[in-house]
Each structure stands twice: as structure tokens, then as C-alpha cells.
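K.L.:
Here it is, the structure, as C-alpha cells.
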Ligand code: SF4
């Protein structure tokens, strides 16, 4: 039976952190067996907010190294860089002609971006959802893994698809969201989402020593000021992070914390060991892959070639249906 096709993308943010891993990559790896998966590094999307592109190529390579190291398999999935298949930009132009501006101006993330980068409200920013739709429909993906916060984007993609099909005849399947319970991974500061910008992250590629050093800076239960104070593991992000990597029920930490039988310094060392142990095989694989830069080139070139075959076919169909050819 033909597998349904999934499309998902991520901006080229460089080295991935455990928030990316637990929130998306782990799930992408699992989906590879069930679906025909296309995973894309969306470098054009990044340009809507990135003015300095000096690190772009480095970030793409670091990111793909992590993707491969966690288990994304180029034999099972198509892994490629968005701009390597320029057909997406042509489709973006065509879809932008049938997308009412009012639909785009009401997108909540557009309003957020205006506040975030008032000095750089560019033309690409307002068309972001059209490019996102082009990414999905160019490959005729029918399934898009999304968190609840991304549902409005997907709904817009479905509206654009319906409008195109209504105007020019059935061309694209409507993409459906696959709601995934992405855990929101809070960073080491205990308050914000884990991110590179916030500096509260643990990169997959860190050394074990760097991981220990970083975890030492983690915030714990704010009510626990002294070693003798009983703690509240349910209010402690260190405890929560531990739970993502091993079953915390069995290690007795919660009880020891509540009875002040363990100090936060020791507890953080346990977390560091738990994370280092879980990431050891990934880091090993990453180190091996990093010794062969040509392999990364081959993976990306092969991914782009395979994606382009689908893209060209769709674009020809689109142009025929629009009477452009
Ligand atoms: Fe958190 Fe561990 Fe400290 Fe308890 S002992 S507050 S679980 S770091």
C-alpha cells in the first residue's frame, strides 16, 4: 500500500538542542517507517528575519549532521535544503496571485513578527504562509506534523489549496495536520522555552564536560534556598528534564528531594549523567559523520535531486491547469 506523504521543515538554526530533539526530531525519526517523509531545512523562510547570512551554510551543515546523528535516514526519507529546489519559489509566486492579502494580514504570527522586528517588516514576511503552503503542496504532502499553535498556519494552507483547486481544477490534495503532543521543553533558566537565543539550551553536540558545566547553571525549585529545605520536584525543571530521558519514578529522587536528603548540586550531576548517557550514541555517530564532509554534500544533493523530480512534475501540472503552458 502506498504510504501517505509527510512534509516538515525547520529553519537552519545550526546545532540542534535537546528541545529540538525531544520536541520534533525524535518524532520525525519514528514517522519514517510509517510515512513517505520529506524533511527540509527551510533556508528561504529564514531570510524573512535573518539579515546577516554569514553563518547560513555552516548552520545548515551543523543541522544536517544532527539530523543524521539522531537517526533520520536518507535512504528512508528525503532530506534537503529548500533553496536547492527553486521550483518552490516559482510556485510561491503563482500561489501568491490567488491568495487574498487580507488572509495573510490576519495571521497571528505575522502580527507577532511585526512587534518582534519592527525595523524589518519585509514583503517576504507577509507571504510566509504562502511559501509554507508551497513547500507542502509542491510535494503533494497530505500530512503535516503540527503542534496546536501551528494549526492556524495549516488552516490557511488548506484554504489556499481549496481556492487554487476551485479556480483551476483539482491539483493539490488538502494537507491535514497530524497533531503531535510536542512537549514544550523549558530551558535551563526554568522559565522560557529552550532556545539558542535564550542561551538556556543543551546542544546535542556538546561534549560531556560542556554538558555538565551547562547543567550546573540550571535553575531548580525556587523555594529551596538551603540544602536542608525540603524541595518540590514537581516545580523543578531539572527533575522535569530528567523525566524526558529516563523514568524518574524508579530513581527515588522525588522522595529524597521532598525529604531534603539530596542536594540540588548532586541532583544536577545525576541529570548531567542521564543526559550524557542518552546522547552518547548520538554524539558518537555525529563525530563519525563529521569526519566525512563529502557524505553530507551527497546526502543533500541526493535529497534535492529526489525532491526536484516531484517538484517539477507538480509545477508542470500547476502551469498546465493555470493555462500558462
Ligand atoms: Fe530539583 Fe533535584 Fe533540587 Fe529537588 S533536589 S529541587 S528535584 S534539583
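K.L.:
Scan (1) under 15 Å from the mean Cα position of the chain (by Cα); (2) buried (at least 22 other Cβ atoms within 10 Å of the Cβ); (3) more than 21 Å from residue 203 (Cβ to Cβ) for the single condition residue 30 breaks and write down its number.
P.N.:
(2)
Results for (1) more than 8 Å from the ligand (Cβ to nearest atom); (2) closer than 26 Å to residue 70 by Cα; (3) surrounded by fewer than 16 Cβ atoms within 10 Å (Cβ to Cβ), shown as yes or no for each residue.
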residue	(1), (2), (3)
215	yes, yes, no
218	no, yes, no
234	yes, no, yes
238	no, yes, no
253	no, no, no
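K.L.:
Filter the stretch 79-90 down to the residues that are surrounded by fewer than 22 Cβ atoms within 10 Å (Cβ to Cβ) and assigned to a helix (DSSP H, G or I) and list them by number.
P.N.:
Passing the criteria: 83, 84, 87, 89, 90.
K.L.:
Restricting to the stretch 162-182, give me the number of residues that are at pLDDT 95 or above, out of contact with any strand residue (DSSP E or B) (no Cβ under 6 Å at 6 or more places or on another chain) and in a loop (DSSP other than H, G, I, E, B).
P.N.:
Looking only at that region, the number is 6.
K.L.:
From the list 164, 168, which one is at negative phi and crowded, with 20+ Cβ neighbours inside 10 Å?
P.N.:
The conditions single out 164.
K.L.:
OK, next. Taking residue 147 and the conditions (1) buried (at least 22 other Cβ atoms within 10 Å of the Cβ); (2) in contact with a strand residue (DSSP E or B) (Cβ under 9 Å, 6 or more places away or on another chain), which numbered condition does it fall short on, given that it satisfies the others?
P.N.:
Of (1) buried (at least 22 other Cβ atoms within 10 Å of the Cβ); (2) in contact with a strand residue (DSSP E or B) (Cβ under 9 Å, 6 or more places away or on another chain), only one is false for residue 147: (1).
K.L.:
Working carefully through the options 272, 304, 311, 260, find the one that is in contact with a strand residue (DSSP E or B) (Cβ under 7 Å, 6 or more places away or on another chain) and either buried (at least 19 other Cβ atoms within 10 Å of the Cβ) or not assigned by TED's automatic domain parsing to the domain that holds residue 59 (or both).
P.N.:
304
K.L.:
If I ask for residues that are within 23 Å of residue 21 (Cα to Cα) and in a loop (DSSP other than H, G, I, E, B), which ones from the stretch 224-276 would you list?
P.N.:
Across the stretch 224-276, the qualifying residues are 236, 246, 247.
K.L.:
Would you please list the contacts, defined by Cβ atoms under 9 Å and residues six or more apart or on different chains, that run from a residue in the stretch 269-286 that is more than 16 Å from residue 205 (Cβ to Cβ) to a residue that is away from the ligand (no atom under 16 Å from the Cβ) and at pLDDT 95 or above?
P.N.:
273/208
K.L.:
If you check every pair at least six apart or on different chains, which have Cβ atoms under 7 Å apart with a residue in the stretch 111-124 that is within 17 Å of residue 47 (Cβ to Cβ) first and a residue that is assigned to a helix (DSSP H, G or I) second?
P.N.:
113/125; 121/114
The values are calculated or read from the model by the stated rules, or taken from the named source; none is laboratory data. No experiment lies behind these values; they were computed from the predicted model shown. Cβ atoms come from the backbone with ideal geometry, glycine included; neighbour counts cover every protein chain shown.
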